[in-house]
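> Below: one structure in structure tokens.
What follows is calculated from the coordinates using simple rules that are stated; it is not laboratory data. Because the structure is predicted, anything quoted here is derived from the model rather than measured. Here Cβ is always computed from backbone atoms with ideal geometry, including for glycine, and neighbour counts include all displayed protein chains.
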């Protein structure tokens, strides 16, 4: 059986990659994918713990996260499409109207 | 025992009158206001009379009743407790009786003034507080009345508040009184500390068992008495706090008569007489009282010699006569002091009201150098004024003779430099006689020094002259209680007060009544000297002349106001303006408040640049924040693993 540590390390690596991608990439769709990556890294940690502790709680959590991620994808993609239409660009640095 | 059991009615009636007039009177015609004001004080006077009758019917047993608890804190209790004993009887009758007469007078005097309802509302409120003051059975309730009359005094001095001098005089009276009240409060605190109570009976009974402080030794009682006396010097206008009373003449004349002559200013004398047990146990304090009283008497009398304003003369005369009362208390003759308090309230109220009548007749003129020859034109006022003058000068058989005589006699017999006190007192009597007859001559005799085309001299209406006549009668007969003592009989007044304040005069007995008779003759002779000198100087043709040398100093009141201005007021104003305002207020308080605002603005100006509007930079902040929080949360868990080699692993 694969030790729990391995799953957790993998999860941390995936989460780190997600963060790095989110901070350094400019394409909105890439950022979106980075968020998905982080969510799934967390999911991996959840199921790993669930397995290790022999309880179903983590798996229930994962289901919730998937539901939320689906909802977020629907809303997020809608926003992305609108942004692309209005600005003819997917560069996130052009979306800065909130600046003082 | 109907009224006596409900003694609260006596002070409550004027309060009701004040409330009704103050709240509703503005829209009423003067008739209604007059009705309410006179009705409430008249009823109060009637209730007081009935209470006194019941008091006598009950065999003069001191009456005391606790109506309700006011303050209860731990073992401290201050209640709405009223009492009626012989001393209170005198005070209550003087306050309600003279007060009622002055109210009647005021309806005539103030008839054409604006703010008629306001005036009577204040005047009734004053009656309420004054009655609380004299009826109170503990120091705390007395202090309520004490402060209340001070408030009313302020309001009434500043009645013509559009005139700056009147508003200033009101403030001066209030602030000077505050200095005295500070001492009074400290005295009360000290008494409470010593006796764990402020109730008169408890305190005095306990103090009576104490060993008296030796002369010159400052025990608790001496200090407490001196502090109480400090309050009395403020309220009763003694040195060095007398300066407010002459200025208080800015108020309407009935106010001068009621508050600044007959009742409120005597409150200090009342307190000293009421606390006589404490004072008797503190000879040093009594000595101070006697010295201050004596010094004030002659000090004020000399100033009164040259004042041109008719009311100012009477004001300094009041200060001087109050000095007499304190002299009496200081030498232990409390009965004589209260006796003089009573007779003084008759004749000084009379003098002030007569002066008001003169001013009324002259159309507002107060300078005696612009009067003269009024005797034939306003006969009633003249005769009343003359009665008052004879009474205050101390000619037998008028009231002032008996009371002043009793005080001088008591001073003469005092062991502590009594002869000196007597000498100064006698000199003051000469001066008193002089300045009063000077006033009469300048006002009523000699040639007319006013423009008859502009001033239409007329006698005052009946509402003013009738109270004058009643007071004139009282000024004549008011002292006769003590008359039999002259030929060795009983002194009814002193005997009446004896159960409350002891009878210092009785101790010397009849053996010295030949001495007393001699002193009386000396007193009358000295009054005669004053009369003759005044007659020689002011009958016939007189001119104002110029003030030089001593008279200039007297005319300028020894420059005391200027001295206080330079020594106390000036430095205080300077300190307030240059330190408290410009440094503390502007620099420190405004500076710190504005500094905080400026600091916040500067920080915000710097930090707002982090709000870049760039989504990814926000993400970086979120990540940094998450790392910091995780570090804080997990730091205690990780520490053993990093720093404690033996424990190993997560706890």
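> Just report the Cα centroid separation between region B:509-555 and region B:247-277, whole Å.
25 Å
> Separate question: So what's the angle, to the nearest 10 degrees on a 0 to 90 scale, between helix B:283-304 and the longest Cα principal axis of chain B?
Approximately 70 degrees, to the nearest 10.
> Round to the nearest 0.05 the FRET efficiency obtained for residue B:614 and residue A:8 when R0 = 25 Å and r is the Cβ-Cβ distance. Please report the intermediate quantities before stating the final value.
Working: r = 32 Å, r/R0 = 1.29.
Taking R0 as 25 Å, the efficiency between residue B:614 and residue A:8 is 0.20.
> Modelling each spin label as a point 7 Å along the Cα-to-Cβ direction, I'd like the residue B:492/residue B:72 distance in nm, to one decimal.
Here the answer is 4.5 nm between the modelled labels.
> Still on this structure, please answer the following. Given a Förster distance of 51 angstrom, what is the FRET efficiency for residue B:565 paired with residue B:419, based on the Cβ-Cβ distance and rounded to 0.05? Write out the running numbers ahead of the final one.
Details: r = 37 Å, r/R0 = 0.73.
So, using R0 = 51 Å, E works out to roughly 0.85.
> Roughly how many Å is it from the Cα centre of region B:341-399 to that of region B:415-484, as a whole number?
5 Å
> Separate question: Rounded if a/c is under 1.5, else prolate if a/b beats b/c, else oblate: with a ≥ b ≥ c from the C-alpha gyration tensor eigenvalues square-rooted, which is region A:4-94? Can you show the working numbers first?
Numbers: a/c = 6.51, a/b = 1.94, b/c = 3.35.
Oblate, since a/c reaches 1.5 and b/c is not below a/b.
> Continuing with the same structure: Which value at 222 nm does chain B reach when only helices count, each DSSP H run of 4 or more adding -39,500 (n - 2.57), with the total divided by all residues and rounded to the nearest 500 deg cm²/dmol?
On the way: 28 runs with 439 residues, N = 651.
One gets -22500 deg cm²/dmol as the mean residue ellipticity at 222 nm.
> Taking 0.36 nm per intervening residue step and subtracting the Cα-Cα distance, what contour gain separates residue B:585 from residue B:480 on full extension? Don't jump to the answer; show the numbers that get you there.
Details: separation 105, 0.36 × 105 = 37.80 nm, distance 6.22 nm.
Extending this stretch completely gives an extra 31.6 nm.
> What is the distance, in nm, between label points placed 7 Å from the Cα along the Cα-to-Cβ direction at residue B:601 and at residue B:201?
6.8 nm
> Rank by packing, highest mean first: peptides B:544-556, B:152-164, B:431-443, with packing defined as the count of other Cβ atoms within 10 Å averaged across residues. Please report the intermediate quantities before stating the final value.
Working: B:544-556: 11.9, B:152-164: 19.5, B:431-443: 24.8.
Per-residue mean Cβ counts within 10 Å order the peptides as B:431-443, B:152-164, B:544-556.
> Please compute the length gained on full extension between residue B:622 and residue B:473, using 0.36 nm multiplied by the number of residues separating them and subtracting their Cα-Cα distance.
Numbers: separation 149, 0.36 × 149 = 53.64 nm, distance 9.75 nm.
Taking residue B:622 through residue B:473 to full extension adds about 43.9 nm, to one decimal.
> Can you give me the Cα centroid spacing of region B:36-71 and region B:171-241 in angstrom?
27 Å
> Report the extension gain between residue B:383 and residue B:543 in nm, rounded to one decimal, defined as 0.36 nm multiplied by the number of residues separating them, less their alpha carbon distance.
On the way: separation 160, 0.36 × 160 = 57.60 nm, distance 2.47 nm.
Contour length minus Cα-Cα distance gives 55.1 nm.
> Take peptides B:183-193, B:315-325, B:97-107 and line them up by average Cβ neighbours within 10 Å, highest first, as a rough protection proxy.
Values: B:183-193: 18.7, B:315-325: 28.1, B:97-107: 25.0.
Ranking the peptides B:183-193, B:315-325, B:97-107 by packing returns B:315-325, B:97-107, B:183-193.
> What is the angle, in °, between the Cα long axis of helix B:513-538 and the longest principal axis of the Cα atoms in chain B? Nearest 10 is fine, range 0 to 90.
90 degrees
> Given labels modelled 7 Å from the Cα in the Cβ direction, how far is it in nm from residue B:594 to residue A:70?
Output for this residue pair reads 6.4 nm.
> Rounded to the nearest 0.05, what FRET efficiency do residue A:77 and residue A:97 give with R0 = 25 Å and r taken as the Cβ-Cβ distance? Could you check?
Details: r = 20 Å, r/R0 = 0.81.
Here the calculated transfer efficiency is 0.80.
> I would also like to ask the following. Using only Cα atoms, find the angle between the long axis of helix B:86-109 and the longest principal axis of chain B, and express it within 0 to 90 degrees, rounded to the nearest 10.
90 degrees
> Sort B:362, A:38 by Cβ crowding within 10 Å, fewest neighbours at the top. Spell out each step's value before the answer.
Numbers: B:362 21, A:38 18.
Fewest-to-most ranking of B:362, A:38: A:38, B:362.
> Using Cα pairs under 8 angstrom and six or more residues apart, how large is the relative contact order of region A:4-94, in percent? The partial results should precede the final answer.
Details: 74 pairs, mean separation 28.6, N = 91.
Computed value for region A:4-94: 31 percent relative contact order.
> In peptide B:612-621, how many Cβ atoms from other protein chains are near each Cβ within 10 Å, on average? Spell out each step's value before the answer.
Numbers: counts 5, 7, 6, 8, 8, 3, 1, 6, 3, 0.
Averaged over the peptide's residues, the number is 5.
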